[in-house]
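Comments concern the structure below.
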Amino acid sequence: MAEKVSPQVHAAYERIHASPEFAELKGNYLRFVVPMTVGFMVWYLLYVVCSNWAPGLMGTKVLGNVNVALLFGLLQFLTTFGIAFWYSRYSARRMDPLADALRADFEDEVER
Amino acid sequence: MSALTSGLVAASETNDHQALTATLFLLVVLLTVGITFWASRNTKTAADYYAGGRSFSGVQNGFAIGGDYMSAASFLGISGAIALSGYDGFLYSIGFLVAWLVALLLVAELLRNSGRFTMADQLAYRMRQTPVRTAAATSTIVVSIFYLLAQMVGAGALVALLLGVDSDAAKNLTIAGVGILMIVYVVFGGMKGTTWVQIVKAVLLMFGTILISVLVLAKFGFNLSDLLGTAADNSGQGSKFLEPGLKYGATTTSKIDFLSLGIALVLGTAGLPHILVRFYTVPTAKQARKSVLWAIGIIGSFYLLTLILGFGAAALVTGDAKDRIVESGGNLASPLLAEAVGGGAGTTGGAILLALISAVAFATILAVVAGLTLTSASSVAHDLYASVWKKGQVTGKDEVRVARIAAFVIGGVAIALAIPGQSLNVAFLVALAFAVAASANLPALLYNLFWKRFNTRGAVWSIYGGLVSSVGLVIFSPIVSGKVDPKTGDNLSLLPASVDISWFPLENPGLVSIPLGFLLGWLGTITSKERTSEERYPELDVRSLTGAGAEK
């Protein structure tokens, strides 16, 4: 945004930024997304590396013509859906109430 | 447009199913143009034009994201790659899907809260406006134009193939027609029109894909293992067809190349400007989250189904039709599979399903090119014209006028480049767009959101550094020169065989350019004395996480 905010609005942001509620919100957010991002990136890269360098493992048949490669690929889908669902639950419980309260605070302070 | 239509109809008079296909194409055109004019009546302010008035629901935007993201390259390309190279075609799908977790966890909500109309709005928030906006706009336009050119060149060949016309004139006419339609959507419909075109396309695409997949599975009594076994047998490759390695496993270089591509795919999505601007079309961060959740559901189901389409084509399409798939480089796998499960060539069911899937592919092309044109036109008008050139001293009405002119010019340039581009193999441009997005845009976005110290020089260095290194490495890669088919001796590069400037062995630059983008962002930041960006970080931090003061 090109326009700078007024000193009063800047002060409101500063105050919220220093509040324990905001620290809690940011802590809750980072506690979820940082380990999860590291986790799914490692899991995905493991899949790419196995596809490249572990053909024997990936070609092992598990059930009929279904092999490890296909199951590993389908598991990537499953974990993606799972993490997305987990995040939607987590954020609604641990982040949204805090964010809503802080936003209401901010609007009270700025509009007064 | 009428020239295109009459051309299409004339070209297809010879054959019933082509007449049917042309009719369905015409319906798609009428429907989308109708939507566009309906949307244009509700487009008044700059927020309407750039962000659809921020009035879409999470579900609607989820479908629109799906419509924006699932290009003809994924619909026809991935199923085709699976039909021809087996399992290796599936590797793309996984990177394309897992990438959405980056968007969900790290980007979508924070961007919705802290940005306004373009990617540059977010990046320039606490920086010096002119340098950061110029850099971000340059990167936005480069990524979008690369992606756009790949789609348009593909469209010429594809529509000609689907309609069964072969002449160069017909292909040129098709590209011009697609270009004109895309200009119409964007100039008149803005974000509202474009979004609805994408929603309609996503619904059509899911309907078509589910229908064909169910028909394929029914042929095998819903036994996946039977389908896989028949595909492997008919491929002539045996069980190798179901394992990784047929396409990328040839040499160590090709394996590292695939790793490089895999990293660019997973990190690129959350840096694609035409995806990022979609998060501005919803009223709140919660709706932005909901849109990504829906998008993940839709895109994930779609990629699972392409597995059935690809292996289905390998299993069920035989004889002449199979040769046509090979000739088309895989692009005809889904349409010809539709014909096969409908009853085969010459049957009414086959003709109807073939026409239906062809029309879905056509709608897919249109929706994607519209999103790309809108994104680059918005960046020209909002970032370069209004902020850099006029220093913000313009009215919204003025900006929208410039955006419309820009859309017209960009569309024209895309048509002019795509027509001669047909003789070149430009499929690499999609992978390159992902690599640039991951190397230039994502580092700057993440640093800006999470690193207090990040400043103007860091942003500028990471954007230009990622952009120049990814494009530069491709110029010196085997894509541009020095690649020869070991068996036939044919030249596989863009430049004539007599020129060889290649020294970078990989076709995908991400493995080098992405770390470089992050490194330069860090280096630029710590070597600069600028501190104002740090003082304004609390604003951005609070705003992005809580939505306090976010655009409504």
| Matching residues, the stretch A:95-112, being part of a helix (DSSP H, G or I), more than 7 Å from every other protein chain (Cβ to nearest Cβ) and either surrounded by 17 or more Cβ atoms within 10 Å (Cβ to Cβ) or hydrophobic (A, V, I, L, M, F, W, C) (or both) | A:Leu98, A:Ala101, A:Ala104, A:Asp105, A:Val110
| request: Note down all Cβ pairs under 7 Å where the first residue falls in the stretch B:393-404 and is in contact (Cβ under 8 Å) with a residue 40 or more places away in the chain, the second is surrounded by 15 or more Cβ atoms within 10 Å (Cβ to Cβ) and hydrophobic (A, V, I, L, M, F, W, C), and they're at least six residues apart or on different chains. | output: B:Gly396/B:Ala46; B:Glu399/B:Ala46; B:Glu399/B:Ala381; B:Glu399/B:Ala386; B:Val400/B:Ala46; B:Ala403/B:Ala377; B:Ala403/B:Ala381; B:Arg404/B:Val187
| query | Limited to the stretch B:210-265, what total is found for residues that are part of a helix (DSSP H, G or I) and either in contact with a His (Cβ under 7 Å, 6 or more places away or on another chain) or of a type outside the set (D, E, K, R) (or both)? | reply | 35
| field | Given (1) closer than 18 Å to B:Phe96 by Cα; (2) at pLDDT 95 or above, index of the condition B:Phe258 fails | value | (2)
| All positions within the stretch B:446-460 that are hydrophobic (A, V, I, L, M, F, W, C) and crowded, with 24+ Cβ neighbours inside 10 Å | B:Phe454, B:Ala459
| Among (1) assigned to a helix (DSSP H, G or I); (2) more than 19 Å from B:Leu181 (Cα to Cα) - the single one B:Ala403 does not satisfy | (2)
| query | Can you tell me which of A:Ser91, A:Ser19 is crowded, with 16+ Cβ neighbours inside 10 Å and small (Gly, Ala, Ser)? | reply | A:Ser91
| field | Only listed residue being outside any helix (DSSP H, G or I) and either loosely packed, with under 14 Cβ neighbours inside 10 Å or facing chain B (nearest Cβ under 7 Å) (or both), chosen from A:Val42, A:Val62 | value | A:Val62
| query | On the given criteria, is A:Tyr13 touching a residue at least 60 places away in the same chain (Cβ under 8 Å), on the phi < 0 side of the Ramachandran plot and either outside any helix (DSSP H, G or I) or crowded, with 16+ Cβ neighbours inside 10 Å (or both)? | reply | yes
| Residue check, B:Leu227 against (1) without any contact (Cβ under 8 Å) to a residue 24 or more places away in the chain; (2) within 14 Å of chain A (Cβ to nearest Cβ), all met but one. Which one? | (1)
| query | Only one residue in B:Leu305, B:Leu276, B:Leu336 is more than 30 Å from A:Met95 (Cβ to Cβ) and either polar (S, T, N, Q) or away from chain A (no Cβ under 14 Å) (or both), so which one is that? | reply | B:Leu336
| task | Working only within the stretch A:29-39, note down all residues that are buried (at least 18 other Cβ atoms within 10 Å of the Cβ) and either more than 7 Å from every other protein chain (Cβ to nearest Cβ) or at positive phi (or both). | result | A:Phe32
| query | Of the residues that make up the stretch B:383-390, is at least one buried (at least 24 other Cβ atoms within 10 Å of the Cβ) and more than 30 Å from B:Lys44 (Cβ to Cβ)? | reply | no
| task | Just need a number here: residues in the stretch A:65-94 that are under 18 Å from B:Leu101 (Cβ atoms) and at the interface with chain B (Cβ under 7 Å from one of its Cβ atoms). | result | 10
| query | Looking at this structure, is B:Lys290 within 9 Å of another protein chain (Cβ to nearest Cβ), in a helix (DSSP H, G or I) and under 30 Å from B:Val214 (Cβ atoms)? | reply | yes
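The values are calculated or read from the model by the stated rules, or taken from the named source; none is laboratory data. In this text the structure is predicted, and so the values were computed from the model without any measurement. FYI the Cβ positions are ideal-geometry reconstructions off the backbone, even for glycines, and counts take in every protein chain you see.
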